[in-house]
Amino acid sequence: MAAMSLLRSVTGSLVSRLQPVSRGVLGRSSLQGRGPPAAAVPVRFGSHGKKLFVMAPSTYYDNRFLHLLKFYTLLSAVPAGIAIALINIFIGPAELVETPEDYVPEPFEYYQHPITRFLSRHVFPDYQKSYEKEMCLIHVENEKRQLRLYETAARRSMRQNGDGPWFQFETLDKNLIDIAPKGVPDE
């Protein structure tokens, strides 16, 4: 940048010395002096030092992301805040009352706040159902374990008594195999 500015000033002064141009109107100098005409040299009239073009990354996508984040946050937070405020004002927390002796409460009825009751009733699984699912998985794994034990006991018994599937075919005696051709290679 500095080299370009210096180059421009040098070329400007050289051009003005090679071709003197009269200044002013009708060939007269703007200053009525008798000396040689002044050289046309470009001069910087900037303040605070050299002006530089600073390369910086664009902030368009940062600003766009923050704008969309604020928009969608407000889009979801405002209706949710209004709904929570209306529920707290008009419905309010549950109160304890006398219940008949034969009445069995539902699991969601143990919660006091209406939003928590709604979530436990419609969103989260019932703890009894999840307990039954867990017990079913444990039962299935236990049955698999017992079957593996029965299988190992059956294999052990077959090996001891010699009545497994590997004893169905007679194997040849090792003494009947002729290994003489392998004694002398390449014949």
Excluding residues fewer than 8 places away in the same chain, name every one of the aspartates and glutamates whose C-alpha is closer than 16 Å to that of LYS182. none
Hits in region 103-131: amide N under 19 Å from the 7 Å Cα→Cβ extension of LEU96, namely 103-114, 117
Accessible-area composition of region 55-187, carbon plus sulfur, in percent [1.4 Å probe]: 61
Calculate the dipole size of region 47-187 relative to its Cα centre from +1 charges on Lys and Arg beta carbons and -1 charges on Asp and Glu beta carbons; express the result in debye to the nearest 20. 1220
Sorted by accessible area (1.4 Å probe), largest first, how do LYS129, LYS182 line up? LYS182, LYS129
Once the principal axes of the Cα atoms of region 58-131 are found, what is the range along each, listed largest first in whole angstroms? 71, 34, 11
Label model pair ASP173, ALA85: point-to-point distance (7 angstrom along the Cα→beta-carbon line) in nm is 10.2
Karplus-derived 3J(HN,Hα) from phi for region 172-181 (6.51 cos²θ - 1.76 cosθ + 1.60, θ = phi - 60°), whole Hz, x at Gly and Pro, runs 6, 6, 5, 6, 7, 7, 8, 9, 4, x
Could you give the accessible area per residue of region 54-130, probe 1.4 Å, as a whole number in Å²? 94
Tell me, in nm to one decimal, what length is gained between LEU147 and LYS133 on full extension, where the rule is 0.36 nm per residue of separation less the Cα-Cα distance? 2.9 nm
Show PHE108, PHE53, PHE71, PHE124 ordered by accessible area, largest first, where the area counts protein heavy atoms only and the probe is 1.4 Å. PHE53, PHE124, PHE71, PHE108
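The values are calculated or read from the model by the stated rules, or taken from the named source; none is laboratory data. Since the structure is predicted, the reported quantities are computational estimates derived from the model, not experimental observations. Using ideal geometry, Cβ is built from the backbone for each residue, glycine included, and neighbour counts are taken over all protein chains shown. Heavy atoms of the whole protein, side chains included, go into the accessibility calculation; ligands, DNA and RNA do not. Shrake-Rupley method; radii C 1.70, N 1.55, O 1.52, S 1.80 Å.
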